[in-house]
Amino acid sequence: MPIPSPGTRVIVPLLKKELRGVVLREHTEPIEPAFADKIRPILSVVDTAPVVTREQLALWQWMSSYYMCSLGEVMAAALPGGLDKRLTDPPKRARKALAPYTGPIEPMHDLSPAQAKSADEIETFWRSGKDIVLLHGVTSGGKTDIYIHLIQAQLEAGKNVLYLVPEIALTTQLTSRLQTIFGDRLIVYHSRFTDAEREARYKKLSTFNFQLSTNYVVIGARSAIFLPISDLGLVIVDEEHEPSYKQAEPNPRYHARAAAIMLAQLHQAKVLLGTATPSIESYYLAQKGVYGLVSLTERFGGVELPDIQLIDLKRQYERKEMYGHFSDPLVERIRQCLADHKQVILFQNRRGYAPQIQCMQCGEPPRCVQCDVPMTLHLRPREMRCHYCGYHTAVPAVCPQCGGELKAIGIGTERIEDEIQTLFPEARVLRMDLDTTRNKSAYQDIINAFANHECDILVGTQMVTKGLHFDDVRLVAVLNADPLFNQPDFRAYERAFQMLEQVAGRAGRKGTKGEVWIQTFDPANKVLQMVREHDYIALYNHQLAERQMFHYPPFHRMIRIQMRHTKQPQVHTTSTQLQTYLSQIFGRRVSAVIIPSVERVQAYYIRELTLRIESTANMAEAKRRLQEAIDQVWSIPSNKNVKLIIDIDPQ
Ligand SMILES: [Zn+2]
Ligand SMILES: [Zn+2]
């Protein structure tokens, strides 16, 4: 058997099992006598050539050490179908999915002077050695045209490109447009593909097996950073502020933006981060000159930013000028839009009918039996659902505690849909949220129907805010902005601004100025005023001061340590022990034991600790000492079954 090269999969014996593994490196040092009898032979070699590149292996190793998880966990996430799938012959169905593109090929748009200036500035930064550039571009500024231009330049220079977008933005609206420009050189990759479809793409890119005749651009969601792309010249991270770039679970809990920057460094490639509402962290690094900063302030085609109206719900309710959850002026405005054959988007970031059901006598909401969160009321079908674990059950006729009357509190998208349909029985209404888009094509069907004006009003959660372009939308309304601000999260204001700015970006295109109406009980809210002025810089300065004062990123790096156990006393004991250990090492950088707002999920009690380390400190050393403390605490037998989750840079 010839020595398999790094990146080749092999079968090895482990205990009494035979497992698949990947060759990391050839070991040439003399073997220490203590390990001599522990060396086992490779049983067989799976691949005829490596399926993992040198850069991929290096990325995996970085990810495992940075995110404090095992290399095996990274490999399982990185290889389609984990380690067990063959990566040799893609099945027929998958090969069909890779059928050549036969549609029309169109030339690129010429860039507008403002776009061309931005593209020039980006390339100038790159040439001057600033490899990472943040493009802060107004919504509808035509960032995609700039990307296309820069991609083309890379392809012509013989380099390949990785273009990351949030999963939800990966619509046919975007991919068809790119396909008309790049044709077969565009490779699409996302999590809705089957394993076979993903494998086919992995295989196609794997240059060890295939020699691609041309350079290519891969567009994909978060997990596309694991593809075996060679000769990488540029990584674009579009909507870089999007929280969905962070993998919440399972390990590796990586941030695709951070991983993309690392991947680019390994390839000595360029990075472009693009967004209308930069994350505070990225903008801070751009302000400090670590990243190049390019601002595009002019909307494409001279479309003006929408006017934003704030409606004071308190006053509307006092005057009884409300219909359900719609203020009278908003109802009138919608009526006018419909009369003018214009479309309307209604935004409410809660799905279901009502986020809570409350007893009018004892005040208690029915709660999930597995988690301690209030159940959400749904009407289609009529049931109560837990949005944490998916548990669902019939709606009780009366309060299970005291027999009192139950009332639906708050508004979800189903309720908005019902109310608007009652107000405008003639209007064609569609709803877009997690519940209406569970099957594979539903999301696309709704977008197509709305884009073709087969529907007048689209009700939806944040799904409607993501990079969609509808020419006939005049009015976007936010039914209640307040819940966006009342989140127990230091990023709540940043997220609220981003979400409202993105929602607002859906209004008005092609020569008509859009309108955005935001209903709120707190029209004086600072962030709402900033949204009204489209003033990102004000938000940034406000948030940065708070972050500094309260020791949050970008000034401190956070590590969240979560412990879970079915017995509350056990998780309490373990977390207290770890807290004590960590305090001795980190002092006040470690928090007290936190009981999260949702204390129990799926029958597991949860306790958390957060570590905040100065961003100037040696993080590797901090992680090493954290790991030592964990090893100490988990060496106590009673702690063995407590589940531990470490989240680096939690979102
Ligand atoms: Zn009750
Ligand atoms: Zn639950």
Handout entry: All Cα pairs of segment 314-366, percent lying beyond 14 Å
Key = 69 percent
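Rounded to the nearest 20 Debye, what is the dipole magnitude of segment 244-362 about its Cα centre when Lys and Arg each give +1 and Asp and Glu each give -1 at the C-beta?
Details: 15 positive and 11 negative charges, 75 e Å.
Its charge dipole is roughly 360 debye.
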Problem - Separation of the Ile3 and Lys643 label points, Cα + 7 Å toward Cβ, nm - result: 4.3 nm
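May I ask you to compute the full-extension gain from Glu156 to Lys526, defined as 0.36 nm times their residue separation minus their alpha-carbon distance, rounded to one decimal in nm? Please report the intermediate quantities before stating the final value.
On the way: separation 370, 0.36 × 370 = 133.20 nm, distance 4.74 nm.
Answer, rounded to one decimal: 128.5 nm.
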Handout entry: Extension reserve of the Lys117-Phe35 stretch, reckoned as 0.36 nm per residue once the Cα distance is removed
Key = 23.4 nm
Exercise for the section: Neighbouring Cβ atoms within 10 Å as the yardstick, rank Thr576, Thr144 fewest first. Expected result: Thr576, Thr144
Practice task
Can you check how the C-alpha radius of gyration of segment 119-208 compares to 2.2 N^0.38 Å, as a plain ratio?
Solution key: 1.22
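Å³ per residue of the Cα convex hull, for segment 217-318?
On the way: hull volume 18.6 nm³, N = 102.
Here the figure is 182 Å³ per residue.
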Handout entry: 10 Å Cβ shell holding at most 14 others, DSSP loop, GluC sites (Glu not before Pro): longest site-free stretch of the chain
Key = 27-303
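Expressed in whole Å with the largest first, what are the equivalent ellipsoid semi-axes of the chain derived from the C-alpha gyration tensor as the square root of 5 times each eigenvalue?
Values: eigenvalues 344, 233, 125 Å².
Largest first, the chain gives 41, 34, 25 Å.
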Handout entry: Förster-model FRET efficiency, 56 Å R0, Gln268 and Gln361, C-beta, rounded to 0.05
Key = 0.25
Problem - Peptide ranges 103-110, 183-190, 443-450 listed from the most packed, as the mean C-beta count within 10 angstrom indicates - result: 183-190, 443-450, 103-110
Completion exercise
Least to most buried among Thr413, Thr437, Thr102, Thr297, by other C-beta atoms within 10 Å and fewest first, runs Thr102, Thr297, Thr437, Thr413
Completion exercise
Listed by chain and number, the residues whose amide H is under 5 Å from that of Thr566, excluding neighbours fewer than 5 places away on the same chain and using placed H, are Tyr605
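Taking only C-alpha pairs under 8 Å that are 6+ residues apart, what is the relative contact order of the chain in percent?
On the way: 1159 pairs, mean separation 79.1, N = 651.
Across the chain, relative contact order equals 12 percent.
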Exercise for the section: Among Ala507, Gln529, Gln268, flag the residue with its Cα farthest along the positive direction of the charge dipole of the chain, charges on Cβ as +1 for Lys/Arg and -1 for Asp/Glu. Expected result: Gln268
Exercise for the section: Go through Thr422, Leu155, Leu578 and say which Cα lies farthest out towards the positive end of the charge dipole of the chain; charges sit on Cβ, +1 for Lys and Arg, -1 for Asp and Glu. Expected result: Leu578
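What FRET efficiency would be calculated for the residue pair Phe555, Ser65, taking the C-beta separation as r and a Förster radius of 22 Å, to the nearest 0.05? Let's see the in-between values first.
Working: r = 23 Å, r/R0 = 1.06.
Once the sixth-power term is evaluated, E becomes 0.40.
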Exercise for the section: List the residues whose amide H sits under 5 Å from the amide H of Gly137, counting only those 5 or more places along or on another chain, with H placed 1.01 Å from N in the peptide plane. Expected result: Thr275, Ala276, Leu296
Practice task
Step through the residues of segment 251-256 one at a time and calculate ³J(HN,Hα) from phi using the Karplus curve (6.51 cos²θ - 1.76 cosθ + 1.60, θ = phi - 60°), rounding each to whole Hz and writing x for Gly and Pro.
Solution key: 4, x, 8, 9, 9, 5
Fill in the blank from the handout: In this structure, the FRET efficiency calculated for Ser44 and Glu249 from their beta-carbon separation, with R0 = 41 Å, to the nearest 0.05, is 0.75
Fill in the blank from the handout: Residue-ordered couplings for segment 290-304, obtained by feeding phi - 60° into the Karplus form 6.51 cos²θ - 1.76 cosθ + 1.60 and rounding to whole Hz (Gly and Pro as x), are 5, 9, x, 10, 10, 10, 10, 9, 9, 6, 5, x, x, 5, 7
Completion exercise
Going residue by residue through segment 73-79, the Karplus relation 6.51 cos²θ - 1.76 cosθ + 1.60 with θ = phi - 60° gives ³J(HN,Hα) values, rounded to whole Hz and with x marking Gly or Pro, of 5, 5, 4, 4, 6, 7, 8
Problem - For the chain, size of Cβ-based charge dipole, Lys and Arg +1, Asp and Glu -1, in debye - result: 1600 debye
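Between Arg177 and Asp307, what length in nm is gained on full extension when 0.36 nm per residue of separation is reduced by their alpha carbon distance?
On the way: separation 130, 0.36 × 130 = 46.80 nm, distance 2.91 nm.
Gain on extension, Arg177 to Asp307, equals 43.9 nm.
Just so you know, all these numbers are worked out from the coordinates, no wet-lab data involved. On a predicted model such as this, the values are computed, not experimentally measured, just so you know. So basically every Cβ, Gly included, is an ideal-geometry build from the backbone, and we count neighbours across all protein chains shown.
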